[in-house]
Amino acid sequence: MLTVDAYAAPSATEPLIKTTIERRAVGPNDVLIEIAYAGICHSDIHTVRGDWGPISYPQVVGHEIVGFVTEVGSDVTLHSVGDRVGVGCMVNSCRECDNCLAGAEQYCLKGNTGTYAAVDTDGTITQGGYSTHIVVVEDFVLKVPEAIPFEAAAPLLCAGITTYSPLSHWNAGPGKRVAVVGMGGLGHMAVKIAHAMGAEVTVLSQTLGKKEDGLRLGADHYFATGDSATFTELKNSFDLIINTVSAAIDINAYLALLRLDGTLVSVGAPGEPLPVRVFTLFGNRRTFAGSSIGSIRETQEMLDFCAEHGIAPETELVSAEDINEAYERVLSSDVRYRFVIDASTIA
């Protein structure tokens, strides 16, 4: 076992505190990673505060992780000591179900093993990236290209792949009109990636407050959803809408913006149901879909795509002692557009 420094939530209502946790010994197929940077995702906050159900405490979260390989198991062939690597939202899966065998382990029928707050193969609770080191089976470790700035790379392992996957699956590209709902951590990545894919990109945000950013990052158009005229003007406009917000919205109003055979994909996760009127789907043969993260293969594809196109998240670097303040700023939307923890400040 390896004892490492970390920041953990002692309960659903207390601030995160500095502590130590145990990592398993490096097995034959494992990789030990010294974490350099860890992104702060809204999912981290939902999890530690019990918004998505009860969890075991103390809990270390963080599933946007980049660092350097410092030790490899005897049977490891994919990674070497010194490699720049990343770990995203999952660290294992059953490897046996139809979905895993099809290369879609994020949809493992037995449930993939989350990077934190999940039951690991040894029965322990997984602990995430707000720590100095992590041990992960080699197949779930990604290679981070040198072309991606390391201090900004971590959010690609969640925000990047969460938006890349549906954009790729629903064929965003030249000739396609793509709308992005929300201009936050996920939304700004969707704009960058959709633009790089060659799509015509429109941002749909509550206000025009981030219009300058949206256009700078690659959007062709920017509309305020707080203006009811927007929904009239843009009716029947889009081939694909990526909904990145985690709050309840009038989903039927957004579905009405789809063209013939258009699809609205939700990647944000509101805590309450989104009621859909079936007759809204009937019009234009519309589809309402959901998308989780991406497979390991797809995540590596995303990293390579971002390296090729010079894409990196817009980030603000914080020290570990500022995590709780960063949480409050995330909740008040006071970040453009992703906080990243300097893991050297955790020790």
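No value in this document is a laboratory result; all are computed from the given coordinates. All of these numbers come straight from a predicted model, not from anything done at the bench. Ideal geometry is used to build each Cβ from the backbone, glycine not excepted, and the neighbour counts take in all protein chains shown.
Count the net charge of all other residues whose Cβ sits under 15 Å from the Cβ of ASP213, scoring Lys and Arg as +1 and Asp and Glu as -1.
My count for the surroundings of ASP213 gives +1.
Would you work out the relative contact order for the chain, in percent, from Cα pairs under 8 angstrom that are 6 or more residues apart?
18
For CYS97, what charge total do you get from the other residues with a beta carbon under 14 Å from its beta carbon, if Lys and Arg give +1 and Asp and Glu give -1?
-1
Tell me the chymotrypsin sites (Phe, Trp or Tyr not before Pro) within region 1-63 that lie in a loop according to DSSP and have at most 15 other beta-carbon atoms within 10 Å. Write out the running numbers ahead of the final one.
On the way: sites: TYR7, TYR37, TRP52; in loops: TRP52.
When the chymotrypsin sites (Phe, Trp or Tyr not before Pro) of region 1-63 are filtered for loop state and at most 15 Cβ neighbours within 10 Å, TRP52 remain.
How would ILE251, ILE341 line up from fewest to most surrounding beta-carbon atoms within 10 angstrom?
Going from least to most buried by this count: ILE251, ILE341.
Taking the Cβ of each residue in TYR116, TYR107, TYR327 as the centre, tally the other Cβ atoms inside 10 Å and list the residues starting with the fewest.
The most exposed by this proxy come first: TYR107, TYR327, TYR116.
Where a Cα-Cα gap under 28 Å defines reach, which lysines qualify for LYS235, not counting those fewer than 8 residues away within the same chain?
Reachable lysines: LYS176, LYS192, LYS210, LYS211.
How much net charge surrounds THR162 when only the other residues with a Cβ under 15 Å from the Cβ of THR162 are counted, with Lys and Arg +1 and Asp and Glu -1?
-2
Taking only C-alpha pairs under 8 Å that are 6+ residues apart, what is the relative contact order of region 160-290 in percent? Provide the component values of the computation, followed by the final result.
Values: 276 pairs, mean separation 27.9, N = 131.
21 percent.
Non-local amide H neighbours of ILE341 (under 5 Å, H modeled in plane, Pro and chain starts lacking H): which ones?
Placed amide hydrogens put ALA38, GLY39, ILE40, VAL318 under 5 Å from ILE341.
By count of other Cβ within 10 Å, fewest leading, how are ARG338, ARG84 ordered?
With the sparsest Cβ surroundings first, the list reads ARG84, ARG338.
Pop a pseudo-label 7 angstrom from the Cα along the beta-carbon direction at both THR287 and SER333 and give the gap in nm to one decimal.
Output for this residue pair reads 3.0 nm.
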